[in-house]
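Reviewing the structure listed below.
Laboratory data are not the source of any read-out in this text; all were calculated from the coordinates shown. Given the structure is predicted, the values throughout are model-derived calculations rather than measurements.
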């Protein structure tokens, strides 16, 4: 198991491995067999960034029965895109547009692809997953399915900062059975295990790869459980996943 972070220090952006309260700087890209530079920094002295730079951000909708309500379970994973510009750093603000009326949090497990995958079998999908992190699929319900809903979810789920991600990527984790919890101002509002996913991670990855080639660094938000609520300015939203850590963002 290893923990990889992407961070900024003294104006320089680097990847690093996290050990305790320190990060060891790496030279090179995350998927290019990076080597240690010999520089070790205190975590408190660096700014954590989104832990990778994906070419694509995909997400799965309706993937927990507790989130379906009266809707039937889908026959296949319901996949949609979020633009890469929606990504937000750990501790970065979630900025709600002035005309958004009903913007909710959605705490989720996110997996990071580590190999090029096309028509991947389940076994190939498992081998192609690099690691896991925390995500928040921020969604405006009015634009998604309200009276002013758009035909596509381009702004309901794609506004700038509507995709917090981090704080880092953990490899070697059994991502299909982790405790997921979302808190707003310390109150637990979502709590479930990832073993309750309708379509598990390898199935989703394999399904996507039949139609869209997945590349190293691409990320997949795997779905949110239970009920969600409207956020307001000043709220502190925390998404915590067992074995990974806490993704924390404040609403602006």
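Here are the numbers:
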{"item": "Mean separation of Cα contacts under 8 Å (6+ apart) over length of the chain, as relative contact order %", "result": "26 percent"}
{"item": "The chain shape via C-alpha gyration tensor axes, a/c threshold 1.5", "result": "oblate"}
{"item": "Anisotropy class of region 1-49 from Cα gyration tensor, a/c 1.5 cut", "result": "oblate"}
{"item": "Among 78, 123, 242: highest mean-square fluctuation, GNM of the chain, C-alpha pairs under 10 Å", "result": "123"}
{"item": "Gain on full stretching of the segment that runs from residue 65 to residue 187 - 0.36 nm per residue minus C-alpha separation", "result": "41.7 nm"}
{"item": "Helical contribution to [θ] at 222 nm, DSSP H n ≥ 4, -39,500 (n - 2.57), averaged over the chain, rounded to 500", "result": "-2500 deg cm²/dmol"}
{"item": "Highest-MSF residue in the chain out of 184, 13, 57 [GNM, Cα springs under 10 Å]", "result": "13"}
{"item": "Choice from 81, 175, 64 with maximal GNM fluctuation in the chain (Cα, 10 Å cutoff)", "result": "81"}
{"item": "For region 202-240 versus region 39-95, the gap between their alpha-carbon centres in whole angstrom", "result": "4 Å"}
{"item": "Cα-Cα P(r), region 141-227, percent of pairs per 5 Å interval", "result": "3, 10, 14, 20, 24, 19, 8, 2, 0"}
